[in-house]
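To start, the structure itself, in structure tokens.
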Amino acid sequence: MEEKIKSLIELDEIEPEALKQIYDVASVDIVKKLAIMPDVHAGYDLCIGGVALVDGHISPSFVGYDIGCGMCFVDTGIKTDEIFKSKKDKEKIAQEIYREIPVGKNIRKKPLDYTPFRSASGDKNLDKKVNDKLFHSLGTLGSGNHFIEMGENLEGNLCITIHSGSRNIGHSIASYYMKKGRFLPIDSFWGGAYLQDMNFALEYALENRLTMMKIILKILGFTEKEIKKIIKKSLINENHNHAVVTDEGVLHRKGATPADKGQMGIIPANMRDGVYVTVGLGNKEFLSSASHGAGRVMSRRKAKELIDLKEFKRVMEMADIVAKVSEKTIDEAPFAYKDINKVIKAQDGVVVKVVDVVKPVINIKG
């Protein structure tokens, strides 16, 4: 069983609950290989930071509830100090973003256009459940660790990173198919139906991020023509909850990003330490994958119990970052996450190469 497992960190460094999930998954006969990322922590069924190659089957629970959750990133090409002359400028932009983009559990009052969902399962109740939220949720951030962040890269350019997913749409699809079984033969009716519906959620999640990106660029004063040019030239999109059918089997990533050779990627740290821009090295030993972030070091409940709000405020003020720092966001404080330097060190030169670092200027949370 252990010969199936390839980890970027020592197994004895992994929390017991996540380690149990790793061994449970590796013990399944149809699981051919399991790669573990350095941001690993306990999730549902397959650990977060887990990549599983499964023979002939697709697993809704290995993909998880937020299908297509991921990152979009652009480099505006404009120097940060040209846009933000003072802290008031940053605060004004942050306020405008909160006005234009619903966050947390909020959705849009006015629906946006999108292709209606028609489940490959033929279930009209699932269609209705998804479509009831589909149009009002497009271009919304969500809560938890989802964020919009503006930051300055090594060249001094203003960059934008968005972390969000398929909102309630992916959750509804995931919940429906998880009831059909832990593993669905990929050539079966239910396996094929899940794959098709999952791909719908992946596309929706990307459009959700792109919609927000366009709104933010418009807030910053860019014209539609300039926005198209920025997105075409510099967009990086990587989702970290998906399954892909390959010649070797069905590759599942949960809380892990593709790192194929030459593929651009984003690894965020936390509210204080920004994001790392990477290029994949295509390391097949680790299933051509990388971490999707730093990974939590404590649960949200523990974070609320243990983290000192004054210290959270102090470190954010020292870093000169405009953000909502309160009891409501304390579970997203930098101290709730693993040391990003260690997480990056475990991957840099192995599965990815770091090519840029972006330090936060504004952080938007739900």
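Summary of values
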{"quantity": "Residue match in the range 316-338 (condition: touching a Gly at 6+ places or on another chain (Cβ under 8 Å) and among the basic types (Lys, Arg))", "calculated": "yes"}
{"quantity": "Residues located in the range 121-136, provided they are within 16 Å of residue 175 (Cβ to Cβ) and either among the small types (Gly, Ala, Ser) or touching a Leu at 6+ places or on another chain (Cβ under 6 Å) (or both)", "calculated": "121"}
{"quantity": "Any hit, the range 198-214, residues being touching a residue at least 40 places away in the same chain (Cβ under 8 Å), under 24 Å from residue 275 (Cα atoms) and of a type in the set (Val, Ile, Thr)", "calculated": "yes"}
{"quantity": "Residues of the range 33-61 that turn out to be under 22 Å from residue 294 (Cα atoms), open to solvent by 10 Å² or more (accessible area, probe 1.4 Å) and part of a strand (DSSP E or B), as a count", "calculated": "2"}
{"quantity": "Considering residues of the range 18-32 that are within 22 Å of residue 249 (Cα to Cα) and outside any loop (DSSP other than H, G, I, E, B) only, the residue most open to solvent (accessible area, probe 1.4 Å)", "calculated": "32"}
{"quantity": "Every pair of residues 6+ apart whose Cβ atoms lie under 7 Å, when the first sits in the range 64-86 and is hydroxyl-bearing (Ser, Thr, Tyr) while the second is part of a helix (DSSP H, G or I)", "calculated": "65/170; 65/171; 65/174; 76/230"}
{"quantity": "Residues within the range 66-82 that are more than 22 Å from residue 268 (Cα to Cα) and in contact with a helix residue (DSSP H, G or I) (Cβ under 7 Å, 6 or more places away or on another chain), tallied", "calculated": "0"}
{"quantity": "Condition check for residue 51: in contact with a Leu (Cβ under 7 Å, 6 or more places away or on another chain) and among the aliphatic types (A, V, I, L, M)", "calculated": "yes"}
{"quantity": "Positions within the range 250-278 being among the hydrophobic types (A, V, I, L, M, F, W, C) and closer than 21 Å to residue 158 by Cβ, in sequence order", "calculated": "264, 266, 267, 269, 271, 275, 277"}
{"quantity": "Some residue of the range 10-17 being touching a strand residue (DSSP E or B) at 6+ places or on another chain (Cβ under 6 Å), surrounded by 15 or more Cβ atoms within 10 Å (Cβ to Cβ) and closer than 25 Å to residue 264 by Cβ", "calculated": "no"}
{"quantity": "Criterion violated by residue 229 - all others in (1) part of a helix (DSSP H, G or I); (2) basic (Lys, Arg); (3) touching a residue at least 12 places away in the same chain (Cβ under 8 Å) satisfied", "calculated": "(3)"}
{"quantity": "Test: residue 335 is under 20 Å from residue 15 (Cα atoms) and not small (Gly, Ala, Ser)", "calculated": "yes"}
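Each row is one residue, and each column tells you yes or no for (1) open to solvent by less than 80 Å² (accessible area, probe 1.4 Å); (2) within 30 Å of residue 346 (Cα to Cα); (3) outside any helix (DSSP H, G or I).
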residue	(1), (2), (3)
68	yes, yes, yes
95	no, no, no
109	no, no, yes
112	yes, no, yes
127	yes, no, no
132	no, no, no
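The values are calculated or read from the model by the stated rules, or taken from the named source; none is laboratory data. What you see is a predicted model; the values in this text were computed from it and never measured. Note that each Cβ is placed from the backbone with ideal geometry, even for glycine, and that neighbours are counted across all protein chains shown. Note: areas computed on protein heavy atoms with side chains; ligands, DNA, RNA excluded. Shrake-Rupley method; radii C 1.70, N 1.55, O 1.52, S 1.80 Å.
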